[in-house]
1. State whether the residues of segment 407-415 include one that is part of a helix (DSSP H, G or I), under 27 Å from residue 495 (Cβ atoms) and assigned by TED's automatic domain parsing to the domain that holds residue 312.
2. Kindly evaluate residue 503 against the criterion of being at pLDDT 90 or above, in contact with a helix residue (DSSP H, G or I) (Cβ under 7 Å, 6 or more places away or on another chain) and within 21 Å of residue 336 (Cα to Cα).
3. May I ask you to list the residues in segment 250-286 that are crowded, with 22+ Cβ neighbours inside 10 Å and not in a helix (DSSP H, G or I)?
4. Just for segment 350-386: of the residues that are within 17 Å of residue 274 (Cα to Cα) and surrounded by 24 or more Cβ atoms within 10 Å (Cβ to Cβ), which one is farthest from the chain's Cα centre (by Cα)?
5. How many of the residues in segment 117-138 are within 30 Å of residue 270 (Cα to Cα) and part of a helix (DSSP H, G or I)?
6. Just checking, how many residues over segment 120-161 are under 13 Å from residue 199 (Cβ atoms) and surrounded by fewer than 17 Cβ atoms within 10 Å (Cβ to Cβ)?
7. Considering 392, 459, 452, which residue is under 18 Å from residue 246 (Cα atoms), in contact with a helix residue (DSSP H, G or I) (Cβ under 9 Å, 6 or more places away or on another chain) and surrounded by fewer than 16 Cβ atoms within 10 Å (Cβ to Cβ)?
8. Condition test on residue 103, is it closer than 23 Å to residue 185 by Cβ and assigned by TED's automatic domain parsing to the domain that holds residue 67?
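The values are calculated or read from the model by the stated rules, or taken from the named source; none is laboratory data. Given the structure is predicted, the values throughout are model-derived calculations rather than measurements. Note that each Cβ is placed from the backbone with ideal geometry, even for glycine, and that neighbours are counted across all protein chains shown.
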């Protein structure tokens, strides 16, 4: 009876945290649209140049380190040992955070120079302060999650992101109404992370009054014990690396795109605006990945259960179905979004600048969604090594390709480097999964049916786009382009749905995995 109660508590807490993370990710993507509308592409460039630094700090305090700490605490039954772990964790993370803060604050002139824009120095210094909040945020959240109390973490996330987004939008309004330059606005916008983080700590302290943290005064000898430190670096570092994977790609872009556009002969201001236009793709990709994140939350418990129960055939069947469903949805989402970019671009950003670049860039939705799928499969097996190798390969490929492709092909080349980096990571993940004896080949027949369905959808949506452009409907009014976007989506979804139903792309069990899948199956089969 007690075990059932604990399991229910864990499931309820996981659900609360999953829903909160879902809301936070949507909020994090959506706010960038009105912000860009207020400050323009140059102002958006300034903010996006330093955003990846904040994104890494947020990963430490929001998902990476708390998850690691909660896992360690949950596996330790001794109260004294739990206190020791909590104390050591706080010491180690504090040391790491202070080092990162000092490195960024003191090294801000060098970092700005490497980014090709010395005026970014104040922004880098402002965002470096966020790392000083990481030890408190990660320790509090990890402790509460280890106690299977997800509410403090969920509430603090919402407060932190809500206040941050509010200050960012306020800074955009100040730019619109006051005589401030884009770098001053950028500093105000990045300060939202600090204010939001401090408010989150206040929320966590409030919850800690009811469930106080207990530290243990450990000796200097115990402090030198590097058992936890080794695990923190390897396990915690790996979790953080995966959680911040796309942010790391953005960081590479911050150090390369604007600088190499200037090297190629583009004027400085034009390079900044081009980078700002390129960054329009980030919120679109984030929104596109929302479905993949939701599917991860749905499939992870079942996959983990089958794997731990050693039901190999059931596990392989579930993995294969997961891959089929993910591939079908992610490919349709990426291709559909790429075709409709002119209308989405005008609707959200008021003009169609960089449409070709963005059309290429948003195809990363398909690849990144599949990477998320493979990571979910590996996480259900608790295999970290393969994910780490794949992720490193993708980052190295992106780092090597971006400078030269940007220099010769502009932001189009930058988009290609992102696609190739993600594709490299995905291929390594797929290779390792095949190697580990799992029969996960989706089959030639499935791929042929999928390609036919995608081809029919592409013809329908692209034909609609051509008709609209031929009649000059693109630059009429943002309300019109929004309506056209919805019509295009409806056309694409209808054609694709009819195609996969008629071709019997999914089995009954696979239809059950999709929202309204049972109703579709009963109606059409």
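1. Yes, there is a match, as at least one residue in segment 407-415 is part of a helix (DSSP H, G or I), under 27 Å from residue 495 (Cβ atoms) and assigned by TED's automatic domain parsing to the domain that holds residue 312.
2. Judged against the criteria, residue 503 is not a match.
3. Answer for segment 250-286, where residues must be crowded, with 22+ Cβ neighbours inside 10 Å and not in a helix (DSSP H, G or I): 279, 280.
4. The selected residue is 354.
5. Final tally of qualifying residues: 11.
6. 1
7. 392
8. no
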